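The values are calculated or read from the model by the stated rules, or taken from the named source; none is laboratory data. None of these values were measured; they are calculated from a predicted model. Here the Cβ positions follow ideal geometry from the backbone for every residue, glycine too, while neighbour counts run over all protein chains shown.
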Amino acid sequence: MIDDLLKEFRKNSEKLMIRVSVANSSYQKSQTNQQSVEERAKEDIHALKTSIQKTAENLGSSIKGQFGKQAQESLKKHSESLK
């Protein structure tokens, strides 16, 4: 009877060790994926800001007058609001 309990305890301990190692691996993978997503988001936002700034510059030189200034200011505000 004690041998059966020891076997059961050993079996449950091994299962628990496997679960812990798998959980740790999954957690690390999740953290890595989260960092990748954050880095990609920063890169995309930077590219978008650059694109908006270039568009504003081109628009400002293409469209003259009050409308051109307003459009350029609007694009500049949108570019600055991206973080």
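A few points about this structure:
- Scanning the stretch 36-66 for residues that are surrounded by 11 or more Cβ atoms within 10 Å (Cβ to Cβ) and farther than 17 Å from Lys76 by Cβ yields Lys42, Asp44.
- Within the stretch 27-38, residues that are at positive phi and without any contact (Cβ under 8 Å) to a residue 40 or more places away in the chain reach no partner that is loosely packed, with under 10 Cβ neighbours inside 10 Å and not aromatic (Phe, Trp, Tyr) with beta carbons closer than 7 Å at six or more positions or on different chains.
- The residue list Thr50, Thr32, Thr55 contains one member that is at pLDDT 80 or above, in contact with a Leu (Cβ under 7 Å, 6 or more places away or on another chain) and among the polar types (S, T, N, Q), which is Thr55.
- Residue that is farthest from Lys42 (Cα to Cα), among those in the stretch 53-83 that are part of a helix (DSSP H, G or I) and among the hydrophobic types (A, V, I, L, M, F, W, C): Phe67
- Test: Leu16 is more than 30 Å from Lys69 (Cα to Cα), among the aliphatic types (A, V, I, L, M) and out of contact with any His (no Cβ under 7 Å at 6 or more places or on another chain): yes
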